[in-house]
Every structure is written in C-alpha cells, then in structure tokens.
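Everything on this sheet refers to the single structure shown next.
The values are calculated or read from the model by the stated rules, or taken from the named source; none is laboratory data. Because the structure is a prediction, the values reported are computed rather than measured. All Cβ positions, even for glycine, are placed from backbone atoms using ideal geometry, and neighbour counts span all protein chains on display. Surface accessibility is based on the protein's heavy atoms, side chains included, excluding ligands, DNA and RNA. Shrake-Rupley method; radii C 1.70, N 1.55, O 1.52, S 1.80 Å.
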Amino acid sequence: MSGRIFSGVQPTGALHLGNYLGAIRHWVRLQQDYEAIYCIVDQHAITLPQDPKELRGATREVAAALIACGIDPTHSILFNQSTVTAHSQLAWVLMCQTPIGWLNRMTQFKEKAGKQRENASAGLYTYPVLMSADILAYNATHVPVGEDQKQHLELARDTAGAFNRQFGVEFFTLPEPMILGEATRVMSLRDGTKKMSKSDTSDYSRINLTDDADTLAQKIRKAKSDPIEGVSFDPEKRPEASNLLTIYAALADRPRQAVEDEFASANFSTFKNRLAELCVEKLSPITTEMRRLLADPAEIDRILDQGAGRADAIAGPILRQVYDIVGFRQG
Ligand code: TYM
C-alpha cells in the first residue's frame, strides 16, 4: 500500500459526468494501490437547505452509484459522514485553529453565497474546515479530487500545519491533492465556460449517471457547438468543442491529441454521434447496475453501516489523540 486515500462526494442529487470523470473513476483505480476511504458527505450537503426525505434518498443513490462505478465496499471503506461523529468533533477543534482570513479567501463560499452573503449559514462559511476534518480524521496521505477542490485542499494542508505548529507536534500528515487525468474540470454542455454542476438549473447542462441511453444521446446531440469547421481543442476560442473533446478522450481513455487528430476534419454532428455512442457504451452499464442495487435499499444501508464501523475504528483513536494534545480531560 502506498498510502491512505480519503475523498468525498455530496449527496445533493444524482452524480454527473464531471463527478465521474474528475473524481470517481480515479477512486476506482486507486483502490488497488491505496487504503481507500470514500465518504458521502451528508453533513456538507446541509450547508444549503435540503429536503430530509430527498437527502436520505440521495445518500443511498450516491452509494449505489459509487458501487456501480466500481468502488468495492468489501475492500475500500464506504460510508456516510454523519454516521462517524469524529468528523464534526474534529471540525470544532480545527475551527479554533483556522483564522477567519483564510475562510474569507475561499472562492466557493463567495460563489455559493452569492448576493445572500449575510444570510448564508455559518455552516456554508466553515464548510472547508469540516472538509479538512474529513481528511485529517484519517491522517490521509492523498486526496483525489477534481480541480474545483484545489483551494479547499490547500486550506486542509494549512490547517494541519497550523495545528502541528500550535501544539509543537508532528501529528497531522499534510495531505497531497491528486488531480488526475484529462478531465479535471468538465464543463457544462450548455456553456463551455461554466463548470458542469448538480446545481445548474438546466438538466441539459449535464449528463447524469441516472440518465437512460436515449436521454444521454439527446443531451450530447443538443450540446452547444460552434460554427467553426472541424473539431479542435482551443479552450479560449472554442470552449464547447474543447470540452466535448476532453470528455471523449477521458471516456475512451485515449490522449486528447489522438482524439483531436481523429476528428480534425469531421463535422460536429458526426463527432457528436460518436460521442453519444461512447457515452452510452461506457455509462449505460453503470446506470443499469445502479438501478439493480437501488432495488434493495436495506443492502445499501448494511454496506454503509459496515463502512461506518470501519471508518470509526480509524478516526476514533485519531480524535482521542487530538483531544489529548489539546488538553481535553477525558474520562
Ligand atoms: P462534490 O460533491 O461537488 O464533487 C465530488 C467530486 O467530483 C469532482 N467534480 C468535478 N470534477 C471535474 N469536473 C466537474 N465539473 C466536477 N464537478 C465535481 C469534485 O472535484 C469532487 O472531487 N467538497 C467536496 C466534497 C468533500 C470532500 C471532502 C472531497 C467533502 N469533504 C474531503 C475530498 C476530501 C464536494 O463538494 O465535492
């Protein structure tokens, strides 16, 4: 084993192609070489309002999606965050080590709070500290994520360093971000300058892992394109074409340049048809398996509970050592 991986995903709706290409397919591969801990971060989800019933459903759905993508819960640890109390307990300790100035620099808070900054929850503001706690509760060495999480990971490293310095210990490992592959930032199908995201109001902006083959193909065919001849990679001038080429290369597991060469003189509709076929070929088996798993929610709950027990066995002792370092009297 080359280290311990931790990563998380929010259960705020169906997983999309950005989650899959930017993170989850790497999680699947990394399971072989690392001790892997994957978490469905329901406590992060409630930093924005969630319907309780939908949240519970989405947690099971994301668990099913991760298993269908190839996460092996008998090998890796898979659980939902709120079932392991060390996350929020450690978050409080780390909150007391994190200067407000660091949080003020977080771009995701600014994006998510928007003009409602004064009404945004304190949870949304301190979100990155809970994320640091997620990682540090396991002393994880590596964190595989998409590019959008980079700033949060820098904060996790800074927080770990601040704790070690404050108490004169070498306790927390500074976690290394792993931002892997061609598709570290998959863009919206409607606007190649915006990130593909669960929160986009247009369902046509993203491919969901729950989409059936027809919907999937239709979304690709309707994806925004441009009038320039051929298909080429130029994120400045051709953000949509570049995004679709990146998606193709990532799904086909081929270098982007090779895909670009193949479609250099193709027209857009030919390219889109091929991409639609590729999407269906790669994603349909996942959707089918996910549906099969979701037919037995009790089994998903059993898997998550078992994962929580294994996670707690690692995080519990780490939290107790942290409590000892900070001087909490423990009975
Ligand atoms: P979340 O739920 O937004 O996304 C889960 C993972 O998917 C990646 N991702 C993308 N990658 C490429 N292109 C996109 N359009 C795209 N959209 C999402 C994300 O980078 C992420 O890796 N804060 C995290 C969850 C979290 C976490 C953690 C991650 C909580 N605690 C500890 C790592 C370690 C989030 O909201 O991810």
Scoring the chain by relative contact order with C-alpha pairs under 8 Å, at least six apart, yields a percentage of 23
What's the FRET efficiency of Glu147 with Asn273 using the Cβ-Cβ distance as r and R₀ = 35 Å, to the nearest 0.05?
-> 0.75
With the full set of protein chains in place, find how many percent of the accessible area of the stretch 70-131 is carbon and sulfur; take the probe as 1.4 Å.
-> 56
Cα centre as origin, Lys/Arg/Asp/Glu Cβ charges: the chain dipole, Debye = 620
Where the chain is the region considered: accessible area per residue in Å², 1.4 Å probe | 46
Quick one: how many lysine pairs does the chain have with C-alpha atoms less than 13 Å apart and a gap of 8 or more or different chains? Give me the count, please.
-> 5
Around Gly123 (Cβ within 13 Å, Cβ-to-Cβ, excluding Gly123; K/R +1, D/E -1) the net charge comes to 0
Calculate for the chain the 222 nm mean residue ellipticity that helices alone would give, adding -39,500 (n - 2.57) per DSSP H run of length 4 or more and normalising by residue count, nearest 500 deg cm²/dmol.
-> -16500 deg cm²/dmol
Can you work out the FRET efficiency for the pair Glu236 and Arg320, with r the C-beta to C-beta distance and R0 = 51 Å, to the nearest 0.05?
-> 0.45
For the chain, what log10 I(q)/I(0) values come out of the Debye formula at q = 0.16 1/Å, with one point per alpha carbon and no solvent?
-> -1.40
Cα-centre dipole for the stretch 203-292 with unit charges at Cβ (Lys and Arg positive, Asp and Glu negative), debye to 20 = 220
Which order, highest average first, do 287-294, 186-193 follow once you tally other Cβ atoms within 10 Å for each residue and take the mean per peptide?
-> 186-193, 287-294
Taking a ≥ b ≥ c as the square roots of the eigenvalues of the Cα gyration tensor of the stretch 79-125, is the shape rounded (a/c under 1.5), prolate (a/b larger than b/c) or oblate?
-> oblate
Under 9 Å from the Cβ of Thr246, count the other residues' Cβ atoms, weight Lys and Arg +1, Asp and Glu -1, and hand me the total.
-> +1
Taking the chain as a Gaussian network, Cα atoms linked when under 10 Å apart, which of Val169, Val145, Val93 shows the biggest mean-square fluctuation?
-> Val169
Comparing Lys198, Lys272, Lys282 in a Gaussian network model of the chain (Cα, 10 Å), the one with the largest mean-square fluctuation is Lys282
Alpha-carbon centroids, the stretch 154-224 and the stretch 293-330: separation in whole Å | 25
Just by accessible area at a 1.4 angstrom probe, what is the order of Asp214, Asp253 from largest to smallest?
-> Asp214, Asp253
Net lengthening on full extension, Trp92/Ser265 (0.36 nm per residue, minus Cα-Cα) | 56.6 nm
